[in-house]
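The values are calculated or read from the model by the stated rules, or taken from the named source; none is laboratory data. Predicted model only: the values in this text are computed from it and were never measured. Every residue, glycine as well, gets a Cβ built from its backbone with ideal geometry; the counts of neighbours run over all protein chains shown.
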C-alpha cells in the first residue's frame, strides 16, 4: 500500500487551529475590555476649573462661602448646552441657567446648610415691560445634597434631564462650584453616562459582538463675574420707563 502523503499546511484539516487562535485573541480582547471597565470612568475634560480662570480660593475649614451675586452670561465659557427661559425652574439634575439664557442676575445664598441658586432677567430696553426682572427661578440643595471636596462644593449628581445621553442607558448630572481668588464663581458641570457598549470588531458600518464599555465622565466649566456680596436681595435691573410702550 502506498503510504499517505503529508497534508499541505493550508489544508482544511488545519482550520481548527486557526479558529483556536482567533478565539484566543477574542478572549484576550474581552479580558482587556473588562479590565478597562473596572478601572473607573473615562474622564473627558477636567474636574478642576481651567487654569485660565485663575486660582481657586482656599479655606482652613471646609469650603469658602459662595454667597454672592454674579453676572450672566459667563465671562469665560468652557462649554454648556441647552437653553431655557430664565424664569423657569431647572429640571431634575440641572441648574436654573443655560447658555442660551439672556442677561441675568445669579444670586447664590448659603444658609443653615442649604445652598440656593436664583436667577432672573435683566432688562435694558427702556420701552419694554417685562415681569421676568422680578421673578426668580431657583434650585435649592440641602446639606445632604452637597459636600465639600478639595475646597469646592459638589452638588450631588441626579438623573439628567431630559432623559439619557445618546448611546448610553443612563446619565447622571452633577455640579461643582468653586470660588476663585478674584471673587468670581466657577461652575463645573459633570455628566456621567452609564451602560455604554463597545464592539469587538467593526467593518463596513457594521459592528460585531459587544461588551460593556467604561462609564464616561464629562466636565465643562463656566466662569461668572461677581457683582455684589449677596447678603440681601439685589435690586431689580429694569430700564422700563412709565408710560412707554413696546415697539
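Residues that are in a loop (DSSP other than H, G, I, E, B), modelled with pLDDT of 65 or more and either surrounded by 16 or more Cβ atoms within 10 Å (Cβ to Cβ) or under 13 Å from the mean Cα position of the chain (by Cα) (or both) within the range 155-211 comprise 160, 184, listed in sequence order.
Residue 52 meets each of the listed conditions (1) at pLDDT below 90; (2) not in a loop (DSSP other than H, G, I, E, B) apart from (1).
Among the residues of the range 95-125, those that are within 24 Å of residue 157 (Cβ to Cβ) and part of a loop (DSSP other than H, G, I, E, B) comprise 95, 96, 97, 98, 99, 100, 101, 112, 113. Count of the range 58-107 residues, restricted to those that are modelled with pLDDT of 85 or more and farther than 20 Å from residue 231 by Cα, is 5.
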